[in-house]
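Have a look at the structure below, then the notes.
The values are calculated or read from the model by the stated rules, or taken from the named source; none is laboratory data. Model, not experiment: these values are computed from the prediction. Neighbour counts run over all protein chains shown; Cβ positions are idealised from the backbone, glycine included. Accessible surface areas use protein heavy atoms only, side chains included; no ligands, DNA or RNA. Shrake-Rupley method; radii C 1.70, N 1.55, O 1.52, S 1.80 Å.
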Amino acid sequence: GEELNGNGELYIKKHRKLRIKLVDGSSLAVAIVLKSIPKGTSQVLLCGKLNKVASALAKALCQSGVQVCAANENDLEKLKESVDSKFGRNLVHSTSYSPK
């Protein structure tokens, strides 16, 4: 995991001239979830434990213009650190469970 090798980051840094993209199970899980979200979705409620998959999913959704509502304020702050500031406006704290 992250503590051991930065989720593969050490390998990528060591082999900078690789011409392939490394894809792990987390990336595949994010891709599957993104494909399952209906087109036209404007909001997604993110609840549960914040992990690598949830963070990557939130980042991808924010970049595609979908508003991500986090139920936990601590998780929201962690997500804001990982998302570019120009997409940070798509991260909001949700007090209700009724995203569109």
Practice task
Would you mind calculating the relative contact order of the chain from Cα pairs under 8 angstrom and at least 6 residues apart, reporting the percent as a whole number?
Solution key: 25
Fill in the blank from the handout: Between [x] 28; [y] 31; [z] 68, the structure-derived percent of Cα pairs over 23 Å apart is [y]
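Could you size up the charge dipole of the chain around its Cα centre, putting +1 on the beta carbon of Lys and Arg and -1 on that of Asp and Glu, and report it in debye to the nearest 20?
Working: 16 positive and 9 negative charges, 122 e Å.
Using Cβ point charges on Lys, Arg, Asp and Glu, the chain gives about 580 debye.
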Practice task
Using a Gaussian network model of the chain whose springs link C-alpha atoms within less than 10 Å, name the residue from 18, 28, 50 with the highest mean-square fluctuation.
Solution key: 18
Problem - Heavy-atom accessible area per residue - the range 27-93, 1.4 Å, Å² - result: 61
Practice task
With all protein chains present, calculate the accessible area of residue 84 using a 1.4 Å probe and round the result to the nearest 10 Å².
Solution key: 80
Handout entry: Area accessible to solvent at residue 9, 1.4 Å probe radius, in Å²
Key = 90
Exercise for the section: Keeping the other protein chains in place, figure out the carbon and sulfur percent of the accessible area of the range 15-100, with a 1.4 Å probe. Expected result: 53
Completion exercise
Heavy-atom accessible area of residue 12, protein chains in place, probe 1.4 angstrom, given in Å² to nearest 10, is 90
